[in-house]
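Reading through the structure tokens given below for one structure.
The values are calculated or read from the model by the stated rules, or taken from the named source; none is laboratory data. Given the structure is predicted, the values throughout are model-derived calculations rather than measurements. All Cβ positions, even for glycine, are placed from backbone atoms using ideal geometry, and neighbour counts span all protein chains on display.
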2 protein chains.
Amino acid sequence: MNKLLRLNSREKSILVKTPFMASLGQAALQKMTDLATAIHFESRDILFREGEEAESFYCVLSGYVRLYRLNKDGREADIRICGPGDTFAECLLYLGPNYRYNAQAAENVTLARFDIQRVRAAAEQDTDISRAIMQSLANHLLSTMDCVANDRLQTAPQRVAHFLLTSCPKESTSASIRLPFQKSLLAGKLGLAPEALSRAFSALRRAGVTVRGRLIQINDVNALRQI
Amino acid sequence: MNKLLRLNSREKSILVKTPFMASLGQAALQKMTDLATAIHFESRDILFREGEEAESFYCVLSGYVRLYRLNKDGREADIRICGPGDTFAECLLYLGPNYRYNAQAAENVTLARFDIQRVRAAAEQDTDISRAIMQSLANHLLSTMDCVANDRLQTAPQRVAHFLLTSCPKESTSASIRLPFQKSLLAGKLGLAPEALSRAFSALRRAGVTVRGRLIQINDVNALRQI
DNA sequence: CCGCGCGATTGATCGAAATCAAACCCTCCG
DNA sequence: CGGAGGGTTTGATTTCGATCAATCGCGCGG
């Protein structure tokens, strides 16, 4: 069911609230929503593959998308997990003509799709748009750098603790979280095998973390910070 | 000896050849070089620390700079190694007010320094400048994503082989390379301990790689691609 | 030319996570 | 109500790279 359609009003209302769109002025916002088409993918569908010619970039409206690479043995590694409000592949607006990673629907997803050529043209004329692109690029760059640093500096339980802390409301002493996606996807996001994530969770039990299904209870947020 | 000075003509000639500057038109180039000041750091000097207020971003004119993070035990992990022509911290043009990593001179370095406020203002008025920033951000984002993927997918010898291949002229069957910096810096760049890099090199001997000091002889480039 | 010192190498050991395999536990469906 | 299947957990083993320690070797200055 991956047909291209105009956005319906519910989709449009989601789109305009994404960080990328929210910073745009009235005129720029109108231009961008006019360029957007809606597209749906079923779980496990491939959106595009590394090396294919890049026609579009995307903004997630609902669901989650995996960006990942393959090594020559066919093993996969996630580079980024994109959820509602995230844009991806927008770096190709100003670079080579090919996608640089694979993208797969981790579950049923709805996306806003933008033609790269047209957005490039729109950005030439509207500094609001090019500024939004820059902010998005700068944010992704920093979060990807965070990812490198975390991979290189932190153990599995530390990565999980860090993830949980970023999912907690600030300044809380205890919290209850519902994972927004499958644990296997979280494992990939953190650069872990699913088994390693499971073991990391059980290592965090002694720090007051209780897991049942997607529900995670954190008794002592400060204890997590010490991990 | 980290005094701020106008660029001398040799420094200016290096600056205008960097990828960031090379894409600028005449007027934009002039604006940017007018904003630049030259600054020198000795090996191991700290340029800035994570969390400090970000006043400037930089372009390397000579030498190498390490960008790195610390974990709470004080262990360091390199995020990026910047050499001649590289810009860094320019992502802060459009983001929060603080540096997000530490920067240290890996050897004696000369840098062009740009005031963030002023460049932001210049970019508002000159689309050439904002386009150059976007290209730079997009390039860094992709290479940082490459870094994540490599860390997660490749073993130490594979990372070294990949590095050597990117340092070889394309379409060559054999090559001789001189490392542009210390092996310990290369180790950090690849996310390895120095000992692991050393062992990776010796593992590559069976693929026809000979190492003596900074000189690396590659007998069979294709063999390296199979690693 | 010698000796010093730092970076690099080598060896031994340790530890974290991947991998392989099996059991478990839901949820959904017949 | 029972069964099936996918995701998750648990256990056993293996592998890779980090760490610690000792040695080597090269460049530099005395």
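Evaluating B:Ser13 against the criteria (1) over 21 Å from A:Arg152 (Cβ atoms); (2) within 14 Å of another protein chain (Cβ to nearest Cβ); (3) out of contact with any Cys (no Cβ under 9 Å at 6 or more places or on another chain) leaves one unmet condition, (2).
Take the conditions (1) within 9 Å of chain B (Cβ to nearest Cβ); (2) charged (D, E, K, R); (3) surrounded by 15 or more Cβ atoms within 10 Å (Cβ to Cβ); A:Glu107 misses just one of them, which is (1). The criterion of being in contact with a helix residue (DSSP H, G or I) (Cβ under 9 Å, 6 or more places away or on another chain), touching a residue at least 40 places away in the same chain (Cβ under 8 Å) and either within 12 Å of chain B (Cβ to nearest Cβ) or under 24 Å from A:Ser9 (Cβ atoms) (or both) holds for A:Thr87. All of B:Val148, B:Val109 fail the test of being under 15 Å from the mean Cα position of the chain (by Cα) and in the same structural domain as B:Cys59 (by TED's automatic domain parsing), apart from B:Val109.
Screening the range B:133-154 for residues that are without any contact (Cβ under 8 Å) to a residue 12 or more places away in the chain, within 16 Å of DNA strand C (Cβ to nearest atom) and not charged (D, E, K, R) and picking the one that is surrounded by the fewest Cβ atoms within 10 Å (Cβ to Cβ) gives B:Leu153. The set of residues from the range B:11-70 being closer than 18 Å to B:Asn98 by Cα, basic (Lys, Arg) and assigned to a loop (DSSP other than H, G, I, E, B) comprises just one member, B:Arg49. The set of residues from the range B:84-121 being part of a helix (DSSP H, G or I), touching a strand residue (DSSP E or B) at 6+ places or on another chain (Cβ under 9 Å) and more than 18 Å from B:Thr18 (Cα to Cα) comprises B:Leu92, B:Leu93, B:Ile116.
Scoring B:Phe181 on the criteria (1) away from chain A (no Cβ under 11 Å); (2) within 16 Å of DNA strand C (Cβ to nearest atom); (3) not in a loop (DSSP other than H, G, I, E, B) leaves a single failure, condition (3). Among the conditions (1) assigned to a helix (DSSP H, G or I); (2) more than 21 Å from B:Val65 (Cα to Cα); (3) without any contact (Cβ under 8 Å) to a residue 40 or more places away in the chain, the only one that B:Pro169 does not satisfy is (1). Would you pick out the residues in the range A:143-158 that are polar (S, T, N, Q) and either in contact with a Ser or Thr (Cβ under 9 Å, 6 or more places away or on another chain) or away from DNA strand D (no atom under 14 Å from the Cβ) (or both)? The answer is A:Ser143, A:Thr144, A:Asn150.
Conditions tested, residue by residue: (1) acidic (Asp, Glu); (2) within 14 Å of chain A (Cβ to nearest Cβ); (3) in contact (Cβ under 8 Å) with a residue 60 or more places away in the chain.
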residue	(1), (2), (3)
B:Ala36	no, no, yes
B:Glu55	yes, no, yes
B:Val65	no, no, no
B:Arg69	no, yes, no
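So for the range B:111-134 (the condition being within 30 Å of B:Ala203 (Cα to Cα) and more than 14 Å from chain A (Cβ to nearest Cβ)), does at least one residue qualify? Within the range B:111-134 (the criterion being within 30 Å of B:Ala203 (Cα to Cα) and more than 14 Å from chain A (Cβ to nearest Cβ)), the answer is no, since none of the residues qualifies.
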